[in-house]
Each structure stands twice: as C-alpha cells, then as structure tokens.
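What follows draws every value from the coordinates through simple rules; no lab data is involved. Since this is a predicted model, take the numbers as computed values, not measurements. Note: ideal-geometry Cβ built from the backbone for every residue, glycine included; neighbour counts use all protein chains shown.
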Amino acid sequence: MNAVFADLRCLYRRHGLRELLRKLAGRIRSVVSSREEVVVLRKDLRSITEMEFSESLRIEELEPGDLPALFEFNRRRCDSKANGRAVADVRDGYRGFAGYVGGELVGYYWWVDRAIEPRHRDIERYNLEIELAEREVYGFDFFLLEEHRGGGNSVEFLHKVESRLRDLGYEALWGYVVADNKPARWLYSMCGYEPVRRVASRRVLTRRLPVGAESESLETQSRGSSVTV
Amino acid sequence: MSVTADVEQFIISELSQGRGITSIDPGDNLLAKGIVDSHGVMELVAFLEERYGISVGDEDLTPENFESVARIDEFVARKQDDRG
C-alpha cells in the first residue's frame, strides 16, 4: 500500500492534480468494468533494412544485475508496480533489452520465444491466438520515458531491438497494440508491422471475458513486407 | 507550391521545431531521420487531409506511402486521382 501512495505522490509532483485524478479515474473504471480492443501485429524481421540513426540510443541486453537500475527507473516514472513484473520476468527467464542515452536508462523492451514460454501471459489474457513457431518471438512491455519520446527515439529503439532479434536468428516478431492508441498503431504500421487480427475483450472486476475475434481482410493486411523501417 | 515543397515546409516548420532541421531531401527516410514519430504521423495526416481534401485511412499508413516526402507526394496524387 505504501508503494501505491508513493506512486500517487510521484504522479502529483510530476504531473499535477488534474493528471493524477485523470489517471485514478481511468484506473478505477478499468478495474470495475471495461471493454478493450487490441490489434495483433506481426513483423517479418527478414525485411528489415539498415537505417541511419544519430547513434544516441544504445541497446543492451537486460541482465538480472540490472534489476536495481530498473527499480530506480520505475520509481522515476511513478510505477513501482512494474518492479514486481520485472522481478517475475527475470525469474521466468524472459529476455529484454534496455535502452540508454549516455549512461541513463531511458526504456526497456521484453521478449520471449517458444523455448522460454510458448504462450506468454498476454497471449492468454487477451486471447491473442498467437502460436509462436521456431524462430519467432513475442515482444511485450515496450516502454520509453516520456521525456525521451519524440524526435524518432521510439522508432530508433524499435529498429535496434528488431535488428538485434534478427541477428539472433529470429524471423518474425509478434506483439499487440491497443486499438484506441491510434498514434502507436499508426507508428507500428509505418514501421512495417502488419495487423493480423483485432481481438475485443471485456473486463469485469478481475475477469477478462472474450467478446470475439475478427481477422481483418487480407486486402487491407497485405502491407509490403519488403518495407524500409 | 508543389505537394513536395508544401509538405517539406510543413515538416520543417511544424514537426521539426527545435531540432535544427532546415532542409529535407525528398528521398530522406522520415522515420530514420526522426522527423516522423507517433505524434508527427497524426499531425502530418491531419495536414494532408485538410490541405488536399483527401481522406487517409488506417490502411494507407504504410511505409510505401509515408516513408519520404517523395512517397507522400505520390500518395497524395493517387488519392486525388481516385477522388476524380
């Protein structure tokens, strides 16, 4: 409970009362009852072409020894709940990349393959119907500090993660994006991610109930896989 | 003013503020240059829809249509042709 109050104080200090109340209201709504639609995405990692960036963002594999730095990172972004997720992710053998600008940790990205976990918790929770094949990965929990968004940092982070995964021998990357998050959805499209299907679910208290899955038409899906990211 | 010049002007004046970008080559990759990010995409689409009276759908948001100013120019021309 102390952690929750610390997060609320942190949110108030960083963003003010209005933003604190907005986030609280959203959290309460989502706990009581909410309908959510997500879009399952897939990217062919073999289609990646090299891009030139400023090289200001450095990507490194997350190690268990990075947990203290992650805890400090989560404290700065007022989300101590993320500490528990990070500990569980490391314990379960999930792998991740940390992004640094200079010496500062600015973001992270987690992933699993079928050898680590064929059906990640998100796949079950949202009924994403993703069956990871050999040389396929599921990417999740991509976060970049707000002050480092914009100016192409998100694209650079994603591109460097994709390149590292390709270099590790993976051929396809799966993930999902919340359908309402139009900027993110469009950015993924621009980066060559193909929407595979939309999945709707309704949350009632602690239970998430499927509403139905709908595969989008192939005509709208056939976005070039030979794209420049 | 051509679509290319128009879009270049918009990107430099509206999307690249404070980043010292004073010119864009029509073939420059807008993602790689960090000119278009998630919010930049939204603003750019709103600009194109308003300026050229076209409608941009989700299915249009592909690298083939938006990765460079030259591609955007071609995309706008196709959209205007479709409108007849």
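The mean number of Cβ atoms from other chains found within 10 Å of a Cβ in peptide A:143-156 is 4, as a whole number.
Here the Karplus curve 6.51 cos²θ - 1.76 cosθ + 1.60, taken at θ = phi - 60°, turns the phi angles of segment A:101-114 into couplings of 10, x, x, 8, 6, 10, x, 8, 8, 9, 8, 9, 10, 5 Hz, with x standing for Gly and Pro. Find the centroid of the Cα atoms in segment A:69-104 and in segment A:126-180, then give the distance between the two in whole Å. Taking the Cα centre of segment A:126-180 as reference, the centre of segment A:69-104 is 16 Å away.
Here the Karplus relation 6.51 cos²θ - 1.76 cosθ + 1.60, evaluated at θ = phi - 60°, turns the backbone of segment A:155-171 into coupling constants of 5, 5, 4, 4, 4, 5, 5, 4, 5, 5, 5, 4, 5, 7, x, 7, 10 Hz, with x for every Gly and Pro.
Over 26 Å between C-alpha atoms is what I'm after, so list which of A:160/B:33; A:160/B:79; A:160/A:182; A:182/B:33; A:23/B:33; A:23/A:43 land there. Numbers along the way, then the final one.
Numbers: A:160/B:33 14 Å; A:160/B:79 33 Å; A:160/A:182 23 Å; A:182/B:33 22 Å; A:23/B:33 33 Å; A:23/A:43 32 Å.
Pairs exceeding 26 Å: A:160/B:79; A:23/B:33; A:23/A:43.
Here is the short version for chain A: A:191 have no other Cys C-beta closer than 4.7 Å. Computed over segment B:3-83, relative contact order equals 36 percent, with contacts defined as Cα pairs under 8 Å that lie 6+ residues apart.
Shape analysis of chain A based on the Cα gyration tensor places the equivalent ellipsoid semi-axes at 27, 24, 18 Å, largest first. Distance between the pseudo-spin-label points of residue A:9 and residue A:71 (7 Å out from Cα toward the beta carbon): 1.7 nm.
Tell me the relative contact order for chain A as a rounded percent, counting alpha carbon contacts under 8 Å between residues six or more apart. Result for chain A is 31 percent. Largest mean-square fluctuation among A:99, A:175, A:16, in a Gaussian network model of chain A whose springs join Cα atoms under 10 Å apart, belongs to A:16. Grab the beta carbon distance between residue A:181 and residue A:134, set R0 = 35 Å, and tell me the FRET efficiency rounded to 0.05. Given R0 = 35 Å and the Cβ-Cβ separation, E is 0.70. Each label was represented as a point 7 Å from its Cα along the Cα-to-Cβ direction; for residue B:43 and residue A:117 these points are 3.8 nm apart.
Would you work out if segment B:3-83 is rounded, prolate or oblate? Take a ≥ b ≥ c from the square roots of the eigenvalues of the alpha-carbon gyration tensor; rounded if a/c is under 1.5, else prolate when a/b is larger than b/c, oblate otherwise. Taking the square roots of the gyration eigenvalues as a ≥ b ≥ c, segment B:3-83 is prolate.
Taking amide H as placed 1.01 Å from N in the peptide plane, the amide H of residue A:79 sits under 5 Å from none that are at least 5 places away or on another chain.
For segment A:188-202, 3J(HN,Hα) computed residue by residue from phi via the Karplus equation (6.51, -1.76, 1.60; θ = phi - 60°) reads 4, 4, 5, 8, x, 7, 9, x, 9, 7, 9, 10, 10, 9, 10 Hz, glycine and proline entered as x. What you get for segment B:3-83, charging only the Cβ of Lys and Arg (+1) and of Asp and Glu (-1), is a dipole of about 200 debye around the Cα centre.
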